[in-house]
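One structure is given here, and the rest of the page talks about it.
Each value in this text was obtained by applying a stated rule to the coordinates, not by laboratory testing. In this text, all values refer to a predicted model and were calculated from it rather than measured experimentally. Ideal geometry is used to build each Cβ from the backbone, glycine not excepted, and the neighbour counts take in all protein chains shown.
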Amino acid sequence: MSIPDYISPIVGYRVWQWVAAGLKSLNGEPWSPGKPLAAACMASNRGTTAGRAEAAHDANDAPREKCTCGVYASKSLEHLHTTGYERYGICGEVNLWGTVVEHEQGFRAQFAYPKNLYLPPKMLPSTLAEIQSRLQALTLYGSDIFVIGNGETISLWAKDSGYSPAGLDYLIERSKRYYDRRQRDRNLKRGDRVAILGRGIAVVEQAGDKEALVVLWNKNVVRIGRKEIVWDEGNMRWETDANAAFECLVQPIQ
């Protein structure tokens, strides 16, 4: 998909839903990679409706001056922020062409396609694996992608050069902070279960900075070095190797 050279598109601003398959309008209309979104008048299908269309017209003949049809875009990011639309998805610049109707705060266009996309940190998945999957769908649009982080706009992906080093560094550091925070927040405590690989599931009786006492099979108390007990993200549980655990008492602690 390319915009003809002899047409200078109008650049507006809008918000999209970012789903696993790519982009959608806030009303659920999908935007296909490599294909402009063409406006269609829904009011014309229902005939003249008060407050909706002053004159019925062909559904594909959009936008019309005296109607509400067309692909919407704002004239500024500030307008999206003040109206509250910004919080519903990701913002970006959008190219508008064909018939374009101008209003005080924005436009209604016949054709539209994303130009640039700006991803706020709150919209990014926490892990690198999730981020890669979600970003892959966005790169298919061939639009430049930026991430808004650390108080600045960082180039993440460009249609001419792919991923940028600065953008990748930001994502890696963000993911590292996420894992570090999860590890800090995940404190081993009394009552937690620990999988002693090859022996079974034990329950934590005491947890200290250097070692933990766990009860195995409701009868054997086992002492394990605290650093030997790790959280397994895949299995979502505490685990330790059987060689790191050894029985210290015959009966469980009362």
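Quick notes on this one:
- Relative contact order, percent, the range 193-249 [alpha-carbon distance under 8 Å, six or more residues apart]: 34
- The gain in end-to-end length when the A21 to E102 segment is fully stretched comes to 26.1 nm, 0.36 nm per residue minus the alpha carbon separation.
- Exceeding the 25 Å Cα-Cα cut-off - candidates K24/K122; K66/K115; K35/K66; K24/K176: K66/K115; K35/K66; K24/K176
- The order of the peptides 192-204, 26-38 by mean Cβ neighbours within 10 Å, most packed first, is 192-204, 26-38.
- A166-M42 pseudo-label distance in nm [points 7 Å out on the Cα-to-Cβ vector]: 4.0
- Note on S126 and H81: their simple-model spin labels are 2.8 nm apart, each label 7 Å out from Cα toward Cβ.
- Label-point separation in nm, E228 to R199, each point 7 Å along Cα→Cβ: 0.7
- A simple count of charges around Q17, restricted to other residues whose Cβ falls under 15 Å of its Cβ and scoring Lys, Arg +1 and Asp, Glu -1, yields +3.
- Most tightly packed first, judged by the mean number of other beta-carbon atoms within 10 Å of their residues, the peptides 100-109, 64-73 read 64-73, 100-109.
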